[in-house]
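One structure is given here, and the rest of the page talks about it.
The values are calculated or read from the model by the stated rules, or taken from the named source; none is laboratory data. In this text the structure is predicted, and so the values were computed from the model without any measurement. Virtual Cβ from ideal backbone geometry, glycine too; neighbours counted across all protein chains shown. Surface accessibility is based on the protein's heavy atoms, side chains included, excluding ligands, DNA and RNA. Shrake-Rupley method; radii C 1.70, N 1.55, O 1.52, S 1.80 Å.
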Amino acid sequence: MAQHRGEQLITALDIGSSKVCALIAQVREDGEVQVLGTGQRESRGIRRGYIADAERTEAAIREAVEQAERIAGTNIDSVWVSFSAGGLVSDIASVEVDLGGQRIAQSDIDELLAAGRGSIDPDGRMVLHAQPTLYTLDGLQGVKTPLGLHADRLGVDIHVVAAEPSPVRNLDLCVRSAHLAVKSIVAAPIATGMACLSEEERELGVALVELGAGVTNVSLFAGGLLVGLSSIPMGAADITDDIASAFGTRRTQAERMKCFHGSATTSPRDNHEMIDVAPMSEDEGAGEMQRITRAQLIAVIRQRLEHWMGAIAAALKELGFHGPVGRQVVLTGGGAELKGLADYAQGVLGRSVRIGRPRGLAGLPDAHSGPAFATLAGLIQFAASDPLDLRQVTSGHQMVHRASATNMVQRLIAAFRSGY
């Protein structure tokens, strides 16, 4: 196959409960990110975001990457991988050094960051990200570039995202078993936020809700950072299972009914529109084709949605997403493709709601431009941004402790307001 030389190639791999997707992109000399090829396979080895069958997951990874390689006309050997299982936590570790009023040099910043590495307290979690964010000068928060300024004390907030170790190691093992090197494992909310949230949204305050097939991640951004995380073991596949159970049909048929006829909102004509439902088994005598109204289908969908949105509302409240700050909620993930969901969620949550779709990539195929592929596109953007991570100059795994989500939100909002 032809090799693309002189320009950076990035491969993203999103391993979800319903599908495994790969995307190969090229970062051109002018900074534009161009999509070269994509691949997708059904995911049969993932349950609720966790790997339950390593062999099937490995096979799906290999097939998705090979498809992307054929389309791109190149071979790749390393990937950026998303991690979306439960157990993700976000924390802010703060550290200060005494400068005695001198002008800040790069060596002072390096010393501060080195001290910051040791400020992360262990509590059994594996760090996925440890990124320096805003600096503090003599108590003044929200400083982006302290180099060249004078200060008695220089501080920095280090944004840390961590996860339970075992699921991360299982993910790493499956990717490496497919003969691919892992460049980095990225928390899905960070990648997804880069793809479908504007910089202003992330700074002013926004909730990002990823409606996956098996798990829902509720993330809170403020001051430009991911400041709160919560996972709900519920997803769009539960709606599919409810439909299959209610009408005695196969999951594949139920998924088709949900996609083509399902909706989160109702209309008077729903009682007159008829839908054919195939029986569970195609064997002769197993049952006749039944007919239901669209209203019956939507009733089943809305019953699950009521429970699902109630759990999301509770997670937002627990994260401290209330009051006048951050009125916007962005829904993304495959579950966000359900017709009328934004209007339904807006009524339940009492906030402005929009659907988040990936943006910022040139040549992204129409089939991969929906909310179901936001994490995949965000992985490419995250890698292209060349993020600074304190672990790059350390050995071994760092650990982090869980902090109060509400306190983190208030702290980041205060830092943002004082700096701007």
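Odds and ends about this structure:
- Evaluation of Met194 against the conditions (1) touching a helix residue (DSSP H, G or I) at 6+ places or on another chain (Cβ under 9 Å); (2) of a type in the set (A, V, I, L, M, F, W, C); (3) open to solvent by less than 10 Å² (accessible area, probe 1.4 Å); (4) touching a residue at least 60 places away in the same chain (Cβ under 8 Å) shows that the sole unmet condition is (3).
- In region 260-273, of all residues being part of a loop (DSSP other than H, G, I, E, B) and open to solvent by 90 Å² or more (accessible area, probe 1.4 Å), the one that is nearest to Lys19 (Cα to Cα) corresponds to Thr266.
- Any hit, region 221-234, residues being part of a strand (DSSP E or B), of a type in the set (Ser, Thr, Tyr) and open to solvent by 10 Å² or more (accessible area, probe 1.4 Å): yes
- Scanning region 116-148 for residues that are surrounded by 13 or more Cβ atoms within 10 Å (Cβ to Cβ), assigned to a loop (DSSP other than H, G, I, E, B) and modelled with pLDDT of 85 or more gives Asp138, Pro146.
- Test: residue in region 306-314 that is outside any strand (DSSP E or B) and farther than 15 Å from Leu211 by Cβ: yes
Listed here are the residues, each with its yes/no results for (1) modelled with pLDDT of 95 or more; (2) open to solvent by less than 10 Å² (accessible area, probe 1.4 Å); (3) more than 15 Å from Thr11 (Cβ to Cβ).
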{"site": "Asp157", "(1), (2), (3)": "no, no, yes"}
{"site": "Ala162", "(1), (2), (3)": "no, yes, yes"}
{"site": "Pro165", "(1), (2), (3)": "no, no, yes"}
{"site": "Val175", "(1), (2), (3)": "yes, yes, no"}
{"site": "Ser184", "(1), (2), (3)": "no, no, no"}
{"site": "Ile190", "(1), (2), (3)": "no, no, yes"}
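- Within the set Ile275, Ile239, Ile292, the sole residue that is among the aliphatic types (A, V, I, L, M), closer than 22 Å to Val329 by Cα and modelled with pLDDT of 90 or more turns out to be Ile239.
- Region 17-28, subset of a type in the set (A, V, I, L, M, F, W, C) and over 17 Å from the mean Cα position of the chain (by Cα), residue surrounded by the fewest Cβ atoms within 10 Å (Cβ to Cβ): Val27
- Residue in region 64-87 that is more than 26 Å from Thr375 (Cβ to Cβ), in a strand (DSSP E or B) and of a type in the set (Ser, Thr, Tyr) present: no
- Residue match in region 198-209 (condition: of a type outside the set (Gly, Ala, Ser), within 19 Å of Arg354 (Cα to Cα) and modelled with pLDDT of 95 or more): yes
- Close pairs (6 angstrom Cβ cut-off, 6 or more residues apart or separate chains): within 16 Å of Ala85 (Cα to Cα) and touching a residue at least 24 places away in the same chain (Cβ under 8 Å) in region 165-184, assigned to a helix (DSSP H, G or I) and open to solvent by 20 Å² or more (accessible area, probe 1.4 Å) anywhere: Cys174/Ala54; Cys174/Glu58
- Reported count of residues in region 78-115, each being buried (at least 21 other Cβ atoms within 10 Å of the Cβ) and either in contact (Cβ under 8 Å) with a residue 60 or more places away in the chain or among the charged types (D, E, K, R) (or both), is 12.
Let's see how each residue does on (1) farther than 30 Å from Gly87 by Cβ; (2) crowded, with 21+ Cβ neighbours inside 10 Å; (3) out of contact with any helix residue (DSSP H, G or I) (no Cβ under 9 Å at 6 or more places or on another chain):
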| position | (1), (2), (3) |
| --- | --- |
| Lys258 | no, yes, no |
| Thr293 | yes, no, no |
| Ala314 | no, no, yes |
| Gly335 | no, yes, no |
| Arg351 | no, no, no |
| Ala362 | yes, no, yes |
| Thr375 | no, yes, no |
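- Test: residue in region 231-241 that is farther than 23 Å from Gly320 by Cβ and out of contact with any helix residue (DSSP H, G or I) (no Cβ under 8 Å at 6 or more places or on another chain): yes
- Unique residue being part of a strand (DSSP E or B) and within 29 Å of Ile92 (Cα to Cα) when the list is Val168, Val186: Val186
- Exactly one residue among Gly31, Gly6, Gly39 is in a strand (DSSP E or B), among the small types (Gly, Ala, Ser) and either open to solvent by 20 Å² or more (accessible area, probe 1.4 Å) or modelled with pLDDT of 90 or more (or both), and that residue is Gly39.
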